[in-house]
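*Asks:* One structure is given below, represented as structure tokens, and several questions about it will come after.
What follows is calculated from the coordinates using simple rules that are stated; it is not laboratory data. In this text the structure is predicted, and so the values were computed from the model without any measurement. When we count neighbours, we look across all protein chains shown, and the Cβ atoms used for this are built from the backbone with ideal geometry, even at glycine.
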Amino acid sequence: MHRIIDGTTTHVDRAAMIWARATAFRDYDLDIASLDEARPVIARVLTCSPHALLAIAETADGTTVAFGAIAPMPGADSVAELHYFGVEPDHWGKGAAAELLSGIAALLRERGFAAAELAVYADNDRAIRLYERLGWRRLGEPVPHQRSRRLEQRYRLALDPTG
């Protein structure tokens, strides 16, 4: 069981390093980004809106093992976008991702959001299976990522009946 907390002001560096390790592991890349390279990626989401959130999953001993960086979508105040989501690779398959995604949905409901959206690489089968199992639904067709050109698929999770 993981504890889900709001780590917006205290866990940015930890989330950045999880992101660096998780993306390197996912992409079979031996070159893991440094904290100085990864921190701005997460910080950019948290500074784009006063309603941004850094949700954290911690183990019983307080170790941060997963995060989600979320902000309202521009022009759609009732829709939040999960910009970045990562789990420490040595915690993959241990429930942190599912617990954190459920916790994020609860936090967003409490804050009045009607829906959440995210984009995932279309070849990231592990993540897609998790999102779909938790009720996320495909939106449209995959499109090339702006920088990597890998196909990305958007997903949406209704947080209330009108979302």
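*Asks:* Using 1/(1 + (r/R0)^6) with R0 = 22 angstrom and r between the beta carbons of ASP13 and THR59, what's the FRET efficiency to the nearest 0.05? Display every interim value, and only then the final one.
*Replies:* On the way: r = 18 Å, r/R0 = 0.81.
About 0.80, to the nearest 0.05.
*Asks:* Be a star and scan the stretch 94-130 for residues whose amide nitrogen sits under 18 Å from the point 7 Å along the Cα-to-Cβ vector of HIS51.
*Replies:* Residues passing the 18 Å test: 104-118.
*Asks:* Under 8 Å for C-alpha pairs, at least 6 residues apart: give me the relative contact order for the stretch 1-158, rounded to a whole percent.
*Replies:* Working: 289 pairs, mean separation 30.7, N = 158.
Across the stretch 1-158, relative contact order equals 19 percent.
*Asks:* Mind ranking 44-50, 78-84 by how tightly packed they are, going by the mean number of other C-beta atoms within 10 angstrom, highest first?
*Replies:* Top to bottom by mean Cβ count within 10 Å: 78-84, 44-50.
*Asks:* Between [x] 2, 8, 16, 17, 15, 13, 11, 8, 5, 3, 2, 1, 0, 0; [y] 2, 9, 18, 23, 23, 17, 7, 1, 0; [z] 2, 8, 17, 20, 19, 16, 10, 5, 2, 0, which matches P(r) over Cα pairs in 5 Å bins from 0, in percent calculated for the structure shown?
*Replies:* Computing P(r) over Cα pairs in 5 Å bins from 0, in percent and matching it to [x] 2, 8, 16, 17, 15, 13, 11, 8, 5, 3, 2, 1, 0, 0; [y] 2, 9, 18, 23, 23, 17, 7, 1, 0; [z] 2, 8, 17, 20, 19, 16, 10, 5, 2, 0 gives [y].
*Asks:* Give the calculated FRET efficiency between ASP77 and ARG44 to the nearest 0.05, with a Förster radius of 22 Å applied to their Cβ-Cβ distance.
*Replies:* So the FRET efficiency works out to roughly 0.70.
*Asks:* Once phi is turned into ³J(HN,Hα) by the Karplus curve 6.51 cos²θ - 1.76 cosθ + 1.60 with θ = phi - 60°, what whole-Hz value does each residue of the stretch 13-21 show in order, with x for glycine and proline?
*Replies:* 5, 5, 4, 4, 6, 4, 4, 4, 5
*Asks:* Output wanted: per-residue J couplings in Hz (rounded whole) for the stretch 64-80, from phi through Karplus 6.51 cos²θ - 1.76 cosθ + 1.60, θ = phi - 60°, x for Gly and Pro.
*Replies:* 6, 10, 7, 8, x, 9, 10, 8, x, 6, x, x, 9, 4, 8, 10, 9
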